[in-house]
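The next block holds one structure in the form of structure tokens; read it before the comments.
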Amino acid sequence: MKSKLIFILFIFNSSMLMGQEASARKQRLSFFGGFGRSSFVYTDYSFNSTFPTLEFRLGALYSIPIVPQLRIKTGLISGAKVKRKPLNENQSGDFGYQNLDQVVSGSSHWFVEVPMLLQYDFRKELMGIKDFFGIRTGLSYRMFGNRSVGNQDFFQNKSEPLVIAGFSFKLNKSISIGLDYYKGITNITSGQTFIAENPNSPSQPTLYDFAIKNRLVQIGFEYRF
């Protein structure tokens, strides 16, 4: 059902943009690739690590100007939160910490994503490159895949809306580089963790509520055809 929603969002966004094909303004198709540092953001109880991992994206973007300096971008992106080595820190009394450590080190988590961005290019010129600097913001919807092997975890079949903000520089007429910040709008997981704060009484742990969102700082590259 969620995979159908991804497909419907992509078709709807593409149709909305291509429906303006009669416009004389130039539409562009581009290849996108990016990588960055993904980590957790906590609400209520905070664990001793944000469990940073490498995250990457590859896909295609389609854009059309609304006015000469303002354009909408959408596309279809695939990527992954790459597994990392376990931290193996001395957190034997924090059961939630142990679970998160197992999730990020157990396997990579693949996803598909449909972004919807609004980009404004400033009317500046540098070394012959027009509108070389731009800012952008928008939303994205992504869905993590189903793990058919290995231990199951809270990323399995999880959907997540994200808010995005960033900027980009044109290196030439075809290539741009940018920096973006992603943050999840909804919790990727929530629950309770038991902390054995008194090593002399491990049978009487303290209970804490927690909620977790994803965040990402990403360097992206775009090649316009």
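Values as computed for the structure displayed
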{"quantity": "Residue match in segment 199-215 (condition: part of a strand (DSSP E or B), modelled with pLDDT of 85 or more, within 25 Å of Gln69 (Cα to Cα) and among the small types (Gly, Ala, Ser))", "calculated": "no"}
{"quantity": "Residues being under 13 Å from the mean Cα position of the chain (by Cα) and of a type in the set (Val, Ile, Thr) - total across segment 42-67", "calculated": "1"}
{"quantity": "Selection within segment 67-83 - at pLDDT 85 or above and surrounded by fewer than 16 Cβ atoms within 10 Å (Cβ to Cβ)", "calculated": "Val67, Gln69, Leu70, Ser78, Lys83"}
{"quantity": "The lone exception for Trp110 - which of (1) over 13 Å from the mean Cα position of the chain (by Cα); (2) without any contact (Cβ under 8 Å) to a residue 40 or more places away in the chain it fails", "calculated": "(1)"}
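The values are calculated or read from the model by the stated rules, or taken from the named source; none is laboratory data. Computed from a predicted structure; not experimentally measured. Neighbour counts run over all protein chains shown; Cβ positions are idealised from the backbone, glycine included.
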